[in-house]
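Q: Could you have a look at this structure, given as structure tokens, before my questions?
The values are calculated or read from the model by the stated rules, or taken from the named source; none is laboratory data. Since the model is a prediction, treat every value here as computed from it, not as a measurement. Note that each Cβ is placed from the backbone with ideal geometry, even for glycine, and that neighbours are counted across all protein chains shown. For the accessible areas, the whole protein counts, side chains as well, though only heavy atoms, and no ligand, DNA or RNA atoms are used. Shrake-Rupley method; radii C 1.70, N 1.55, O 1.52, S 1.80 Å.
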Amino acid sequence: MQMPAEGRPWDEVRADMLARGAGDVAWRDGKTAVYVFNAGEDVHALQHEAYGLFMAENGLGPLAFPSLAQMEKDVISMALGLLHGPEGSTGAITSGGTDSITMAIKTARDYARAKGMAKDRHNIVIPRSGHLAFHKAALLMDIEIRSVPLKTDGSYEADPAAMAAAIDGATIMMVGSAPNFPHGIIDPIAELGKIAEEKDVWLHVDACVGGYFAPFARMNGVPVPDFDFAIPAVKSISADLHKYGYCAKGASTVLFRSVDLYKHMPFSLSEWSGAPMKTPTLAGTRPGGAISAAWAVMNVLGISGYREKQGLVCQTRERIEAGVNALGFEVLGKPLLGLVAFRHPQADTLALYSAMRQRGWFTSFTVEPPSLHLMLSPKHAEVADDYLADLAASLEAVKAGDTAPKVEARYS
Ligand SMILES: *Cc1c(COP(=O)(O)O)cnc(C)c1O
């Protein structure tokens, strides 16, 4: 497209945009189980309106916009309240999980250096199931990633002993997930905490996808093990508002046990031509709307609203587990939250994935081991039966050797 010499009327442009969206996956109908967290029309409308109220404002300027600065503080204090943040714990809103993880690593590195670690090449010890955002951040900062195989007992949990063996004097961080993305399983964070204490290593918990889910699941009676600041060795946590926090995209939180740790995160500079500036996260400009929408959603839903939604997601996951088990699938490990992965002993995963894509379902898949993967939303309560019916039909087709043209077996 070339920029039009004369602009077109908004009505026309808008219609053009809606027409473009028509080719996208039908996420509003609950046909995606990746990328979109669909908590219903009312939450969507709320995000939209609350985002709009502070859309032009900039979180870069807390003195100009004390409104946003206070909303950020409030969101962080709500987060710390849910995740057992002790007195003095703190954090910041970032643009997303990748930003939160990058900043946690930067903070851990600068903390280690301040404590006297040599500036030789550092490393991070992470389970094989840890998110690729750690690998990306490590690449940016020229840090080595030590990716440690999981336990081999079918639990899909991080292996604390193997992780302990990978730690050395240049390790700036060890990582556990709550839960990991590929299998939806919570790592044994308490055991990782013991190792972190023994070895005096920073333990980061990646609760990007579980941080705003697990606390409410626990309130609903799900036996969620300790995974947050309740474990004394946990120094930082990443938790995404724009996932199971049901907030508008562009919002995550990175949290620290103390100000003493946090103080290694912000960047400030006075030796340049411009005014001295200080930024807490990777971003310069920070969209006010992402902050105001998060504040609004948390205040409108409240604990009871989140409990209800996460309860619905857990129920749906249980229905899906029962349904896929009845079709002969094996669920990987024992998921407790909103993610589940499952595989069939007699059917090729990618063939199944293609067959489901042809039926309009856009989900993710896991590679180790090959399995179908769902990240469920409240909306899926309405479509779980349709999903299972289509899965049964796809399984029949694949078992019968259906060689229909496959969709590309990738999702990004
Ligand atoms: C989504 C996710 C991330 C990355 O978050 P983005 O917001 O996509 O950058 C990191 N870790 C886990 C476990 C995730 O699910």
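Q: Check off (1) in a helix (DSSP H, G or I); (2) surrounded by fewer than 22 Cβ atoms within 10 Å (Cβ to Cβ) for residue 353 and give me the number that stays unchecked.
A: Failed condition: (2).
Q: Let me ask another. From the list 5, 50, which residue is over 29 Å from residue 359 (Cβ atoms), at pLDDT 95 or above and either of a type outside the set (A, V, I, L, M, F, W, C) or open to solvent by 50 Å² or more (accessible area, probe 1.4 Å) (or both)? Show your work before the answer.
A: Numbers: 50 fails: either of a type outside the set (A, V, I, L, M, F, W, C) or open to solvent by 50 Å² or more (accessible area, probe 1.4 Å) (or both).
Matching residue, one of 5, 50: 5.
Q: Checking residue 67 against (1) surrounded by fewer than 19 Cβ atoms within 10 Å (Cβ to Cβ); (2) of a type in the set (Ser, Thr, Tyr); (3) at pLDDT 95 or above; (4) farther than 14 Å from residue 287 by Cα, only one condition comes out false. Which one?
A: With (1) surrounded by fewer than 19 Cβ atoms within 10 Å (Cβ to Cβ); (2) of a type in the set (Ser, Thr, Tyr); (3) at pLDDT 95 or above; (4) farther than 14 Å from residue 287 by Cα applied to residue 67, the lone miss is (4).
Q: Since residue 35 meets every condition but one in (1) open to solvent by less than 70 Å² (accessible area, probe 1.4 Å); (2) within 16 Å of the ligand (Cβ to nearest atom); (3) not hydrophobic (A, V, I, L, M, F, W, C), which condition does it not meet?
A: (1)
Q: With the condition kept exactly as written, say whether any residue in region 194-214 is over 22 Å from the mean Cα position of the chain (by Cα), away from the ligand (no atom under 14 Å from the Cβ) and crowded, with 23+ Cβ neighbours inside 10 Å.
A: Here is the first cut: in region 194-214, the residues over 22 Å from the mean Cα position of the chain (by Cα) are 194-201.
The next check asks that each one be away from the ligand (no atom under 14 Å from the Cβ); those that pass are 194-201.
Now restrict to residues that are crowded, with 23+ Cβ neighbours inside 10 Å: 196, 201.
Yes, that holds for at least one residue.
Q: Here are the criteria: (1) over 23 Å from residue 186 (Cβ atoms); (2) of a type in the set (Gly, Ala, Ser); (3) open to solvent by less than 30 Å² (accessible area, probe 1.4 Å). Tell me which single one residue 341 does not satisfy.
A: (1)
Q: State all residues of region 245-273 that are of a type in the set (Ser, Thr, Tyr) and either open to solvent by 50 Å² or more (accessible area, probe 1.4 Å) or closer than 19 Å to residue 74 by Cβ (or both); if no residue qualifies, say none.
A: The initial filter retains those residues of region 245-273 that are of a type in the set (Ser, Thr, Tyr), namely 246, 252-253, 258, 262, 268, 270, 273.
Once the filter is applied, which keeps residues that are of a type in the set (Ser, Thr, Tyr) and either open to solvent by 50 Å² or more (accessible area, probe 1.4 Å) or closer than 19 Å to residue 74 by Cβ (or both), region 245-273 yields 246, 252, 253, 262, 268, 270, 273.
Q: Still on this structure, please answer the following. Is it the case that some residue within region 316-338 is touching a His at 6+ places or on another chain (Cβ under 6 Å) and aromatic (Phe, Trp, Tyr)?
A: The answer is yes; a qualifying residue exists.
Q: Another one. Can you tell which of 60, 68 is in a helix (DSSP H, G or I), in contact with a Gly (Cβ under 8 Å, 6 or more places away or on another chain) and either more than 15 Å from the ligand (Cβ to nearest atom) or more than 30 Å from residue 368 (Cα to Cα) (or both)?
A: Numbers: 60 fails: in a helix (DSSP H, G or I).
From the options 60, 68, the qualifying one is 68.
Q: Ok, one more. Only one of 292, 273 is small (Gly, Ala, Ser) and outside any helix (DSSP H, G or I). Can you tell me which? Working first, answer last.
A: Details: 292 fails: outside any helix (DSSP H, G or I).
Step by step, each of 292, 273 is checked, and only 273 is small (Gly, Ala, Ser) and outside any helix (DSSP H, G or I).
Q: Further question: Please work out which one of (1) over 15 Å from residue 61 (Cα atoms); (2) charged (D, E, K, R); (3) in contact with a Leu (Cβ under 9 Å, 6 or more places away or on another chain); (4) not in a helix (DSSP H, G or I) is the condition residue 278 fails and give its number.
A: (1)
Q: How many residues are basic (Lys, Arg) and within 16 Å of the ligand (Cβ to nearest atom) when one looks only at region 109-136? Before you say what the answer is, go through the steps one by one.
A: First, pick out the residues of region 109-136 that are basic (Lys, Arg): 109, 113, 115, 119, 121, 128, 136.
Right, trim to within 16 Å of the ligand (Cβ to nearest atom) and you get 128, 136.
Residues that pass the stated criteria total 2.
Q: When you look at residue 83, is it surrounded by 23 or more Cβ atoms within 10 Å (Cβ to Cβ), among the hydrophobic types (A, V, I, L, M, F, W, C), in the same structural domain as residue 210 (by TED's automatic domain parsing) and within 16 Å of the ligand (Cβ to nearest atom), yes or no?
A: On the way: surrounded by 23 or more Cβ atoms within 10 Å (Cβ to Cβ): yes; among the hydrophobic types (A, V, I, L, M, F, W, C): yes; in the same structural domain as residue 210 (by TED's automatic domain parsing): yes; within 16 Å of the ligand (Cβ to nearest atom): yes.
Yes.
Q: Taking residue 293 as the residue in question, decide whether it is under 30 Å from residue 154 (Cβ atoms) and open to solvent by less than 60 Å² (accessible area, probe 1.4 Å).
A: On the way: under 30 Å from residue 154 (Cβ atoms): no; open to solvent by less than 60 Å² (accessible area, probe 1.4 Å): yes.
Against the criterion (under 30 Å from residue 154 (Cβ atoms) and open to solvent by less than 60 Å² (accessible area, probe 1.4 Å)), residue 293 does not qualify.
Q: Further question: Within region 247-265, can you find the residues that are closer than 30 Å to residue 37 by Cα, more than 14 Å from the ligand (Cβ to nearest atom) and part of a loop (DSSP other than H, G, I, E, B)?
A: 257, 265
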